[in-house]
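K.L.:
One structure coming up, written as structure tokens, with questions to follow.
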Amino acid sequence: MVDYKELMDKAIEVSKNAYVPYSHFPVGACVLTTSGKTYCGCNFENGSYGLTICAERNAIGSAIADGEKKIKAIAIYSPKMNKCMPCGACRQVLHEFCDNDEELDVIVKMGDGIQVYTLAHLLPESFTL
């Protein structure tokens, strides 16, 4: 089983591949699915800023492309800031791919360690159909 430190290590590594010529704010993310597989993604920007893709959604898209539909955890890292949290859009996308927001862990770097939040804590009263 993958532990959260390993997820963070993968997020740190993939952040080095970010394409961020405008913001200069690289982010890496590593998703752990309920099947135990991991998928990484980094952010990539576009001159038309609205077309920029966050690292979290990039990693989730890779999982979906491989047939995964349920996420257990996600680690998020940026070398530019401590405690790099997912944006609101990414929080809502994460909600789409879990059965229970209390059971999806969001892992962020805090100094030399990590901090774990539940998605329910970060996105109370999420939008659900």
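K.L.:
Along each principal axis of its Cα atoms, how long is the chain end to end? Whole angstroms, biggest number first, please.
P.N.:
So the three principal-axis extents are 36, 35, 28 Å.
K.L.:
Okay, moving on. Go through ILE12, ILE71 and list them by solvent-accessible area, largest first, probe radius 1.4 Å.
P.N.:
Numbers: ILE12 45, ILE71 10 Å².
Largest to smallest exposure gives the sequence ILE12, ILE71.
K.L.:
Now, a different point. Per residue, how many Å² of accessible area does segment 1-114 show with a 1.4 Å probe?
P.N.:
Ligands and nucleic acids excluded, the result is 50 Å² per residue.
K.L.:
Could you pull out the GluC sites (Glu not before Pro) across segment 23-129 that fall in loop regions by DSSP (anything but H, G, I, E, B) with no more than 13 other Cβ atoms inside 10 Å?
P.N.:
GLU125
K.L.:
Work out from phi, with θ = phi - 60° and the Karplus expression 6.51 cos²θ - 1.76 cosθ + 1.60, the ³J(HN,Hα) of each residue of segment 22-28, listed in order in whole Hz, and give x for Gly and Pro.
P.N.:
In residue order, the calculated couplings are 9, 8, 6, 10, x, 9, x Hz.
K.L.:
Can you list the lysines whose alpha carbon sits under 29 Å from that of LYS70, skipping same-chain ones fewer than 8 residues off?
P.N.:
Of all the lysines, those that pass the test against LYS70 - Cα under 29 Å, at least 8 places apart if same chain - are LYS5, LYS10, LYS16, LYS37, LYS83, LYS109.
K.L.:
Grab the other residues whose beta carbon is less than 10 angstrom from that of THR33, score K and R as +1, D and E as -1, and report the net. Please list the in-between numbers first.
P.N.:
Details: positive: LYS37, LYS69, LYS70, LYS72; negative: ASP66, GLU68.
My count for the surroundings of THR33 gives +2.
K.L.:
Something else now. Of THR52, THR128, THR33, which has the most accessible area with a 1.4 Å probe, and how do the rest follow in descending order?
P.N.:
Accessible-area ranking of THR52, THR128, THR33, largest first: THR128, THR52, THR33.
K.L.:
Continuing with this model, one more query. Give the accessible area for ARG91 in Å² (nearest 10); use a 1.4 Å probe, count only protein heavy atoms, and leave out ligands, DNA and RNA.
P.N.:
Its accessible surface works out to 50 Å², give or take rounding.
K.L.:
Now for a different question. Ordered by residue, what ³J(HN,Hα) values in Hz, to whole numbers, does segment 112-129 give under the Karplus form 6.51 cos²θ - 1.76 cosθ + 1.60, where θ = phi - 60° and Gly and Pro are x?
P.N.:
The phi angles translate into 8, x, 10, 10, 10, 10, 8, 4, 4, 5, 7, 9, x, 6, 4, 6, 9, 8 Hz.
K.L.:
Give me the base-10 log of I(q)/I(0) for segment 51-113 at each q in 0.12, 0.15, 0.16, 0.22 Å⁻¹, Debye formula, one uniform scatterer per Cα, rounded to two decimals.
P.N.:
Debye intensities relative to I(0), on a log10 scale: -0.30, -0.47, -0.53, -0.95.
K.L.:
Report, by chain and number, residues whose modeled amide H sits under 5 Å from the one on CYS84, excluding near sequence neighbours (fewer than 5 apart, same chain).
P.N.:
The answer is SER78, LYS109.
K.L.:
When the accessible area of the chain is computed with all protein chains present and a 1.4 Å probe, what percentage of it is carbon and sulfur?
P.N.:
Heavy-atom surface of the chain belonging to carbon and sulfur, 1.4 Å probe: 54 percent.
The values are calculated or read from the model by the stated rules, or taken from the named source; none is laboratory data. This structure is a prediction, so every number in the text was calculated from the model and none was measured. Here the Cβ is made from the backbone with ideal geometry for all residues, glycine too, and neighbour counts use every protein chain on show. Remember, those area values only see protein heavy atoms, side chains included, never the ligands or the DNA or RNA. Shrake-Rupley method; radii C 1.70, N 1.55, O 1.52, S 1.80 Å.
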